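To start, the structure under review is shown below, and the notes come after it.
The values are calculated or read from the model by the stated rules, or taken from the named source; none is laboratory data. Note that the structure is a prediction, hence the values are computed from the model and not measured. Cβ coordinates were reconstructed from backbone atoms using ideal geometry, including for glycine residues, and neighbour counts include every protein chain displayed. When the accessible area is computed, the model is the full protein with side chains, heavy atoms only, and any ligands, DNA or RNA have been set aside. Shrake-Rupley method; radii C 1.70, N 1.55, O 1.52, S 1.80 Å.
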Amino acid sequence: PSFPSPVASQTFIMTKSQFLLAFLAVVSTNVVSALIPLIDGGKGMPKIYDAWFNDQIAKQANAAISRAVASGKRIMEVQFPPVPNVDEVKFGTPLNQKFGQSQLARDLKCKGGYKPGSKLSRNLLPYANIYWAKRIAGAVKGGALGGKPVGVLTAEAVDFDEIGNLGDLTRTGKIFTDKARKEGRSNEAMICINPGGEETWERLVSAHGQPNCPLVVLNNSYSTTYDLGNKKNFEEVYYLKRISKGWVFRSFPGDWEAYLEKPDGNVELLKSYKTKPSLREVSELVRETSFQRYAMFNDRYMGGRL
C-alpha cells in the first residue's frame with residue numbers, strides 16, 4: 001500500500017495551521033470592531049431614537065468627556081435632548097413614556113415610580129437630567145481611578161428624596177443657593193444642570209467650581225446667544241441639537257457635523273466643519289437639502305417619527 005509522504009503531510013499540517021491563524025486574526029479583528037461601539041458608542045451622531053434606550057448616548061458622552069478631561073479641559077458643556085421627544089414633553093408621547101418607565105424610574109429607583117400624578121411623570125425633564133448626570137458622573141470625576149467626588153446642582157424642580165439611586169453623585173443641591181456654596185468640597189467635580197443664560201456661567205464657576213476640577217454645564221434649556229454651543233469658552237465636548245429637518249452633532253475632539261434626517265428616520269451626514277459653524281449656516285444647508293430632495297414630504301410629525 002502507498003502512504004502519503006511525510007513531507008506532504010507536514011506541508012498539509014502547516015497549511016491548516018496557517019489557515020487557522022489567519023481565521024483567528026480575522027475573527028479577532030471583527031470582534032474588536034464590534035466591541036468598539038459597545039465601549040464608546042461608536043462614531044457619528046447617535047441613532048434616533050434607539051440611543052436613548054441602548055446606552056449609546058451615555059457611552060459617547062462619557063468617552064468625549066474622558067478625552068476632554070485627559071486633554072486638560074476643565075469647564076465643559078454637554079448638550080443633548082434629555083428625553084427622546086423634548087418638544088412634545090408636555091403632551092406625552094409613547095417614546096417619552098417608555099423612557100420614563102424603562103430608564104428613569106428603574107435606574108433612579110424613584111419612590112413614586114412612573115405613573116399618573118407621580119413626581120417623575122409630572123417633571124420628566126428635570127428627573128431625566130439627573131439620570132444623565134448620574135450616567136456621566138464617572139467620566140467627570142476622571143474614571144474609575146479618578147477619585148474626585150462628584151456633585152450635581154440643578155435649577156429644576158427635583159425632589160432628591162424621591163430618588164433612591166444616585167450612583168457616583170455624592171452631593172446634590174440647587175444652583176446659586178448659599179447652602180450649595182457652603183457645602184462645596186475640596187477637589188470636587190461638579191455637574192450643573194440647566195443653569196440658565198450664558199451670562200451666568202462665569203459666576204457659576206466662581207460659586208461652585210473648584211480649582212483644577214471639571215465643571216460641566218449639562219443640558220441648558222435655552223441659549224441667550226441664539227446660536228450653537230456657547231460663547232463663554234466652555235468646551236462643547238458632547239453636543240447634539242435638533243434643527244429643522246436634521247441635527248448638529250459634535251463629540252470632542254472631533255468636527256462639528258450637520259445631518260439630514262430623512263423621511264425613513266435615518267440620518268445622513270451632509271457636511272463636517274473643523275470649527276464651530278453658525279446655527280444659521282447649518283440650518284440653511286439642512287433645510288435646503290431636505291426641500292430639494294423631498295419637497296414638503298419630510299416631516300417627522302406626518303411621518304410618525306415620534
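Looking across the range 150-173, the residues that are over 18 Å from residue 107 (Cβ atoms) and open to solvent by less than 40 Å² (accessible area, probe 1.4 Å) come down to 151, 153, 171, 173. The residue that is surrounded by the most Cβ atoms within 10 Å (Cβ to Cβ), counting only those in the range 209-220 that are closer than 18 Å to residue 68 by Cα and of a type in the set (S, T, N, Q), is 219.
Go through the range 78-92 and give me each residue that's closer than 25 Å to residue 231 by Cα, open to solvent by less than 40 Å² (accessible area, probe 1.4 Å) and touching a Lys or Arg at 6+ places or on another chain (Cβ under 9 Å). Result: 79, 80, 81. Within the set 250, 242, the sole residue that is in contact with a Pro (Cβ under 7 Å, 6 or more places away or on another chain), closer than 18 Å to residue 280 by Cβ and open to solvent by 10 Å² or more (accessible area, probe 1.4 Å) turns out to be 242. Take the residues in the range 261-297 that are open to solvent by less than 90 Å² (accessible area, probe 1.4 Å) and aromatic (Phe, Trp, Tyr), then tell me which one is nearest to residue 232 (Cα to Cα). Looking at the filtered set, the residue picked out is 273.
Residues in the range 235-272 that are of a type in the set (Val, Ile, Thr) and modelled with pLDDT under 95: there are none.
The condition (being more than 21 Å from the chain's Cα centre (by Cα) and in a helix (DSSP H, G or I)) is satisfied by just one residue among 181, 185: 181. Screening the candidates 28, 66, 71 for the property of being out of contact with any helix residue (DSSP H, G or I) (no Cβ under 7 Å at 6 or more places or on another chain), modelled with pLDDT of 95 or more and surrounded by 10 or more Cβ atoms within 10 Å (Cβ to Cβ) yields one hit, 71. Restricted to the range 238-305, the set of strands (runs of 3 or more DSSP E) holding at least 3 residues that are over 20 Å from residue 223 (Cα atoms) comprises 256-261, 267-273. Scanning the range 119-126 turns up one or more residues that are of a type in the set (Lys, Arg) and either open to solvent by less than 20 Å² (accessible area, probe 1.4 Å) or touching a residue at least 12 places away in the same chain (Cβ under 8 Å) (or both).
Looking for something in contact (Cβ under 8 Å) with a residue 60 or more places away in the chain and touching a strand residue (DSSP E or B) at 6+ places or on another chain (Cβ under 7 Å) - is there at least one such residue anywhere in the range 222-229? Scanning the range 222-229, I find at least one residue that is in contact (Cβ under 8 Å) with a residue 60 or more places away in the chain and touching a strand residue (DSSP E or B) at 6+ places or on another chain (Cβ under 7 Å), so the answer is yes. Going residue by residue through the range 182-196, is there one that turns out to be β-branched (Val, Ile, Thr), open to solvent by less than 30 Å² (accessible area, probe 1.4 Å) and at pLDDT 95 or above? Yes - at least one qualifying residue is present in the range 182-196. Exactly one residue among 206, 223 is open to solvent by 20 Å² or more (accessible area, probe 1.4 Å), outside any strand (DSSP E or B) and either of a type in the set (A, V, I, L, M, F, W, C) or at pLDDT 95 or above (or both), and that residue is 206.
Just to be sure, is residue 251 small (Gly, Ala, Ser), free of Cβ contacts under 8 Å to residues at least 60 places away in the same chain and at negative phi? Against the criterion (small (Gly, Ala, Ser), free of Cβ contacts under 8 Å to residues at least 60 places away in the same chain and at negative phi), residue 251 does not qualify.
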